[in-house]
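Colleague: First the structure, which I've put down as C-alpha cells, then a few questions once you've had a look.
Only the coordinates and a few stated rules stand behind these numbers; no lab work does. Bear in mind that the values here come from a model prediction, so they are computed numbers and not experimental data. As a convention, Cβ positions derive from the backbone with ideal geometry for all residues, glycine included, and neighbour counts pool all protein chains shown.
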C-alpha cells in the first residue's frame with residue numbers, strides 16, 4: 001500500500017478535528033466547513049440539524065428514583081426465661097365465692113349502732129377463740145353492717161376468712177380496711193398472709209414488711225421470714241429481666257440509628273449520581289480538545305482552522321523544548337516572561353500573537369496540538385520580539401510584551 005501524501009502532523013490534526021466534531025457536531029454547520037459537510041452527505045452520512053439560537057444541549061431527563069425496598073422491621077429479641085425454683089409448700093387453691101357484704105360506707109352511725117356493733121364484735125371474738133370460724137364471720141358481718149366505718153372489724157373478719165382458707169375473701173376485707181385506715185397494721189398483716197397462701201410471694205413480703213414497720217408483731221415477722229426466700233428469688237429475677245430488657249432496648253435503638261444512617265447515605269449517593277448524570281452530557285468539549293475552542297471567544301473558528309493548517313507552528317510544537325515551554329505557560333501564563341529570551345519559544349509566541357493578538361482577548365486554549373496542553377487566558381495582544389540567539393534581554397525586560 002502506498003504511503004499517504006500527508007505528513008504525520010496533518011494526520012494528527014485530522015484526528016483532533018474529528019474528535020472535536022464528535023463532541024460538538026454543531027461545528028459542521030460552520031460555513032467554512034461546508035465542503036466537509038457536503039462530503040459527508042455525499043457518502044450517505046447524516047449531520048444533526050443546527051440548533052436554534054440560544055438553545056442549549058438537552059440534559060437527560062432525571063430518572064425517577066427507584067423506591068428502596070422497605071426494610072423488614074427488626075424482630076424483637078425474645079428474652080430467655082430462666083426457671084425459678086420456689087418453695088410452694090402451703091399454697092392453696094383460691095376461693096371463688098361471691099363477695100361478702102361490706103355495708104354502707106356512707107351510713108350515719110348512731111351511738112346505739114356503735115354499742116350494738118361492739119356487742120357483736122365481742123361475740124365474734126369469743127367464737128373465733130373457740131375455733132368457730134363460720135360463726136365468727138357471721139357475727140363480724142352483723143357488726144360491720146351496724147358500723148361500716150370501723151377498719152378493725154374488716155381486718156378481724158379477714159382473719160376469720162384466713163382460718164377458713166378463703167384468702168380472696170380476706171384480701172377484699174383488708175383492702176376495705178385500708179381504704180378506711182391506710183395505717184392499719186392488722187390489715188397489712190392478714191392481707192400479706194392471704195397472699196402467701198395464694199403463692200403471691202412478692203405481694204406477701206411487701207404487706208408483711210409494711211405491717212412490721214407500722215407496728216412490729218412477732219407473728220407478722222415470722223410470716224415475713226417464711227416468705228422472704230421466695231420473694232427475694234422473684235425480685236432478683238425481675239431485676240435481671242429489667243436489666244436485659246434495658247440492654248435489648250439499647251441494642252434496638254442503635255440498630256435503628258444504624259439503619260437510618262445507611263438509608264441517609266444511600267439517598268445522598270443516589271442524589272450525587274443523579275446530579276452527575278444531569279451535568280455530564282453536553283457539559284463542555286473536554287477530552288482531547290483540552291479547552292481548544294472554548295476559551296477564546298474573540299478568535300473565530302476560521303482562524304482556529306487556519307492555525308491547524310500552519311505547518312510552521314505544527315513543526316515547532318514537535319520540538320520537545322517548545323512543547324515543554326508551552327506546558328509551563330499553560331499551567332501559569334505569567335511564566336511567559338521566562339521564555340522571552342528563548343528564540344524557539346519567542347518565534348512561536350510571536351507567530352501566535354500575530355494571528356490572535358489583535359482579537360481582543362486572544363486564544364483560550366490549544367488542547368491536543370502536538371502534545372501541548374490547554375492554553376488558559378490567551379496570548380498577550382502583541383507578544384514580544386524574538387531575541388537573536390545568544391543576545392541578552394533588553395533592559396527592563398520584565399515589562400516586555402506586558403503592556
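Colleague: Highest mean first, what order results for 229-235, 157-163 on Cβ atoms within 10 Å?
Modeller: Going from most to least packed, we get 157-163, 229-235.
Colleague: Turning to a different aspect of this structure: Sequence gap at least 6, Cα distance under 8 Å: using those rules, report the relative contact order of segment 99-152 to the nearest whole percent.
Modeller: 49
Colleague: Next question. Computed from the mean reciprocal separation of all distinct C-alpha pairs, what Kirkwood hydrodynamic radius does segment 85-236 have, in Å?
Modeller: Evaluated over segment 85-236, this radius sits at 15.8 Å.
Colleague: Ok, one more. Could you give the nm distance between label points at residue 268 and residue 251, where each point is 7 Å from its Cα heading toward the beta carbon?
Modeller: 2.9
Colleague: Per the Kirkwood definition applied to all pairs of different Cα atoms, how many angstroms is the hydrodynamic radius of segment 192-247?
Modeller: 11.7
Colleague: Using alpha carbon centroids, what distance separates segment 162-178 and segment 92-121, in Å?
Modeller: The two parts, judged by their Cα centres, are 13 Å apart.
Colleague: Another one. Take the Cα gyration tensor of segment 108-176, multiply each eigenvalue by 5, square-root it, and list the three semi-axes largest first, rounded to whole angstrom.
Modeller: After diagonalising the Cα gyration tensor, the semi-axes are 20, 14, 7 Å.
Colleague: For a protection proxy built on the mean count of beta-carbon atoms within 10 angstrom, sort 343-349, 318-324 highest first, please.
Modeller: 343-349, 318-324
Colleague: What ranking, highest mean first, results for peptides 173-180, 327-334 when packing means the other Cβ atoms within 10 Å averaged over each residue?
Modeller: 173-180, 327-334
Colleague: Between residue 132 and residue 260, what's the calculated FRET efficiency when r is the beta-carbon distance and R0 is 56 Å? Round to 0.05.
Modeller: That pair, residue 132 with residue 260, gives E of 0.20.
Colleague: Sticking with this one: Given the Cα-Cα distance of residue 40 and residue 175 and 0.36 nm per residue of separation, how much length would full extension add, in nm?
Modeller: This chain segment gains 38.1 nm when fully extended.
Colleague: Across 5 Å bins from the origin, how do the percents of Cα pairs in segment 172-284 run, short distances first?
Modeller: The distribution over segment 172-284 is 2, 11, 13, 11, 9, 6, 6, 5, 5, 5, 4, 4, 4, 4, 4, 3, 3, 2, 1, 0, given as percents.
Colleague: Using just the alpha carbons, could you tell me how many Å³ per residue the convex hull of segment 137-206 encloses?
Modeller: Taking only Cα atoms, segment 137-206 has a hull volume of 64 Å³ per residue.
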